[in-house]
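S.K.: My questions all concern the structure below.
Read-outs throughout are calculated quantities, based only on the coordinates presented, and are distinct from any laboratory measurement. Note that this is a predicted model, so its numbers are computed, not measured. Neighbour counts are summed over all protein chains in view; Cβ atoms, including those assigned to glycine, are modelled from backbone coordinates with ideal geometry.
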Amino acid sequence: MKLAIGNDHTAVDLKTTIKEHLEQRGVEVLDVGTNSTESYDYPISGYKVGTLVASGEVDGGVLICGTGVGISLAANKVPGVRACVCSEPYTAALSKRHNNANIVAFGARVVGDEMAKLIVDSWLDATYEGGRHQRRVDLITKIETDGSL
Ligand code: RB5
């Protein structure tokens, strides 16, 4: 299992914490985020992780900015990406089980270290259920590819 991780200047410490947590789980982590607290534009990390996920170079991604919103919005502009902002583990699990989320995002200004670990673990441990959910995910993809339903 290989994941890409990206962040902006608000999330350097939490990115490091999550990276170490993932490595302890045996996950290989490709870090494409910033390690500086100098202001850093989150769309750059969102795009980098998004393209790595969409191309299949990694199995999934983790994105962290102040809220998780901007960086996931950027990643979701990459076709094939389904990035979900999660502030608690239930949504993180359902984002995989129902939405087949291939990126989990959260905010360093919203969640603490331990909640962030739970969010990542819940997303990683969950399995996409397919079935009726596949029709809905396919509709999302159709909007993305055709610009209409
Ligand atoms: C940076 O100040 C902040 O806007 C960014 O980290 C993120 O929260 C945007 O969605």
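S.K.: Hey, fewest Cβ within 10 Å first, where do MET115, MET1 land in order?
M.R.: Lowest count first: MET1, MET115.
S.K.: Short version: ³J(HN,Hα) in whole Hz for each residue of region 104-121, in order, from phi by Karplus 6.51 cos²θ - 1.76 cosθ + 1.60 (θ = phi - 60°), x for Gly and Pro, what are they?
M.R.: Calculated HN-Hα couplings, in order: 10, 10, 7, x, 5, 8, 10, 10, x, 4, 5, 5, 4, 5, 4, 4, 5, 5 Hz.
S.K.: Order of HIS9, HIS133 from fewest to most other C-beta atoms within 10 Å?
M.R.: By the 10 Å Cβ count, ascending: HIS133, HIS9.
S.K.: Please report, in debye to the nearest 20, how large the charge dipole of the chain is about its Cα centre when each Lys and Arg carries +1 at its beta carbon and each Asp and Glu carries -1 there.
M.R.: Numbers: 15 positive and 19 negative charges, 114 e Å.
Rounded to the nearest 20 debye, it is 540 debye.
S.K.: If you average the alpha carbon positions of region 34-88 and of region 92-112, how far apart do those two centres end up, in angstrom?
M.R.: After rounding, the separation between the Cα centres reads 11 Å.
S.K.: Helix 42-55 against the longest principal axis of the chain: what's the angle in degrees, Cα atoms only, rounded to the nearest 10?
M.R.: 50
S.K.: What angle do you read, to the nearest 10 degrees and between 0 and 90, between the alpha-carbon axis of helix 12-24 and the longest principal axis of the chain?
M.R.: 70
S.K.: Let me ask another. Would you mind listing how long the chain runs along its three principal axes, going by Cα atoms, in whole Å with the largest first?
M.R.: 42, 28, 27
S.K.: Just want the answer: with Cβ charges of +1 for Lys and Arg and -1 for Asp and Glu, which residue in GLY80, THR91, GLY112 is farthest toward the dipole's positive end in region 67-125?
M.R.: The listed residue farthest towards the positive side: GLY80.
S.K.: Quick one: how many lysine pairs does the chain have with C-alpha atoms less than 17 Å apart and a gap of 8 or more or different chains? Give me the count, please.
M.R.: 12
S.K.: Still on this model: Quick one: order SER45, SER95, SER87 by neighbouring beta-carbon count within 10 Å, fewest to most.
M.R.: SER87, SER95, SER45
S.K.: What's the percent breakdown of Cα-Cα distances in region 35-84 across 5 Å bins, shortest bin first?
M.R.: 5, 26, 32, 21, 11, 5, 0
S.K.: Taking every pair of alpha-carbon atoms in region 64-149, give the share separated by more than 20 Å as a whole percent.
M.R.: Roughly 35 percent, rounded to a whole number.
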